[in-house]
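> Let me give you the structure first, and then I'll get to my questions.
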Amino acid sequence: AQSVTQPDIHITVSEGASLELRCNYSYGATPYLFWYVQSPGQGLQLLLKYFSGDTLVQGIKGFEAEFKRSQSSFNLRKPSVHWSDAAEYFCAVVTRGTGTASKLTFGTGTRLQVTL
Amino acid sequence: KAGVTQTPRYLIKTRGQQVTLSCSPISGHRSVSWYQQTPGQGLQFLFEYFSETQRNKGNFPGRFSGRQFSNSRSEMNVSTLELGDSALYLCASRLGTEAFFGQGTRLTVV
C-alpha cells in the first residue's frame, strides 16, 4: 500500500536559519507529491507540488522541494526561516483508486517551531 | 475567487446524536473529498464525491456517510456519535489532481 513517512515529529530552528523537512514515500508508480502547511485550527494550504519534469520545484512563501526517485524522497527546504513559518507541515501523495478516483495519503506531519 | 467554505466552523454534540457538516467547493470544482484529522490518527480519508456519486471511500464505519448535490455542494453525516468522533473534519475540492482545503469544522462530542 502507498504510504508517506515524515520521520521528524517536531523540529525547532532559529529565525533566519535554513530548514529541511524530510518526506519519504512508498508508491509503485510515478507519484504526485505535495507539501501542505497547517496553522493551528486552520485548514491545509498547498505549498508546492510535483507531478513530473524538473525535480526541483518552487512553491509559495519561499519554499522549495526536491524529488529524488532513487531515495523515494521529497524533502521540503527553505533557506531562511521566518517566525511566521511556525506551523505543521504535511507531505502527501495522491494514490489512485478505480478510474479517476483518487485520494491524498498524508504523512503524520512535522511541527515546526521557530525561535527568535 | 472564493475558496472552499465549510459550515459550521465549530460544533458541540452529545454522544448518540447525529451531525451534518456542509462543504461548498470552489466554483467549477466537481470533486469533493472529506478527511478526518485527529491527534492520534492524523489525517485520514473519508470519502470522495464526483458529480453526485461516491467514487472512493476510506476505512470508516457506516455511521459516516455523505452526499453531493447537483451544484457540487457536499454534506457529510455522522450518526450515533461517539467520543472518538471528536475531530477536525476537512473538506477539499479538487480540479485535476490539486486539492484545495477548507478551514474545517471542529466537532466536539461530549
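Bear in mind that the values in this text are calculations on the coordinates, not laboratory data. Remember, predicted model here, so these are calculated numbers, not experimental data. Methodologically, a virtual Cβ is constructed for each residue, glycine included, from the backbone with ideal geometry; neighbour enumeration extends over all protein chains shown.
> May I ask which of A:Lys49/A:Lys103; A:Lys49/B:Lys57; A:Lys103/B:Lys57 have a Cα-Cα span longer than 19 Å here? Before the final figure, lay out the partial values.
On the way: A:Lys49/A:Lys103 15 Å; A:Lys49/B:Lys57 24 Å; A:Lys103/B:Lys57 9 Å.
Check vs 19 Å cut-off fails for A:Lys49/B:Lys57.
> Would you kindly calculate the translational diffusion coefficient of chain A, applying Stokes-Einstein with the Kirkwood radius from alpha carbon pairs, for 10 °C and a viscosity of 1.306 mPa s, and quote it in µm² s⁻¹ without decimals? It would help to have the intermediate numbers written out before the result.
Details: Rh = 14.4 Å.
Here the translational diffusion coefficient equals 110 µm²/s.
> Still on this structure, I have one more. Give me the one-decimal nm value for the distance between modelled label points at B:Arg106 and B:Ile12, 7 Å along each residue's Cα-to-Cβ direction.
Once both label points are built, they end up 1.2 nm from each other.
> What's the exposure ranking of B:Tyr35, A:Tyr32, B:Tyr10, going from fewest to most Cβ atoms within 10 Å? Could you put the intermediate results ahead of the total?
Numbers: B:Tyr35 26, A:Tyr32 20, B:Tyr10 10.
Fewest-to-most ranking of B:Tyr35, A:Tyr32, B:Tyr10: B:Tyr10, A:Tyr32, B:Tyr35.
> Also: Among A:Asp54, A:Asp85, which comes first, second and so on when ranked by fewest other beta-carbon atoms within 10 Å? Mind dumping the intermediate values first?
Details: A:Asp54 9, A:Asp85 19.
Arranged by neighbour count, lowest to highest, A:Asp54, A:Asp85 become A:Asp54, A:Asp85.
> I've got another one for you. Report the convex hull volume per residue for the stretch B:11-60, counting only C-alpha atoms, in Å³.
On the way: hull volume 6.0 nm³, N = 50.
Each residue corresponds to 119 Å³ of Cα convex hull volume.
> Moving on to the next point. Given all pairs of different Cα atoms, what value in angstroms does the Kirkwood hydrodynamic radius of the protein assembly as shown take?
Details: mean 1/r = 0.0552 Å⁻¹.
Over the protein assembly as shown, the inverse of the mean reciprocal pair distance is 18.1 Å.
> Output the direction-averaged projected area (hull surface divided by four) of the convex hull of the alpha-carbon atoms of chain B, in nm². Walk me through the intermediate numbers first.
Values: hull surface 25.5 nm².
For chain B, the mean projected area of the Cα convex hull comes to 6.4 nm².
> Report relative contact order for the stretch B:4-106 in percent, whole number only (criteria: Cα-Cα under 8 Å, sequence separation at least 6).
Details: 244 pairs, mean separation 38.0, N = 103.
Value for the stretch B:4-106: 37 percent.
> Positive end of the charge dipole of the stretch A:1-69 (Lys, Arg +1 and Asp, Glu -1 on Cβ, about the Cα centre): tell me which of A:Ser14, A:Leu33, A:Phe63 has its Cα farthest that way.
Working it through, the farthest residue towards the positive pole turns out to be A:Leu33.
> Which one, B:Phe60, B:Gln37, B:Phe50, is farthest towards the positive end of the dipole of the stretch B:32-94 when Lys and Arg carry +1 and Asp and Glu -1 on their Cβ?
B:Phe50
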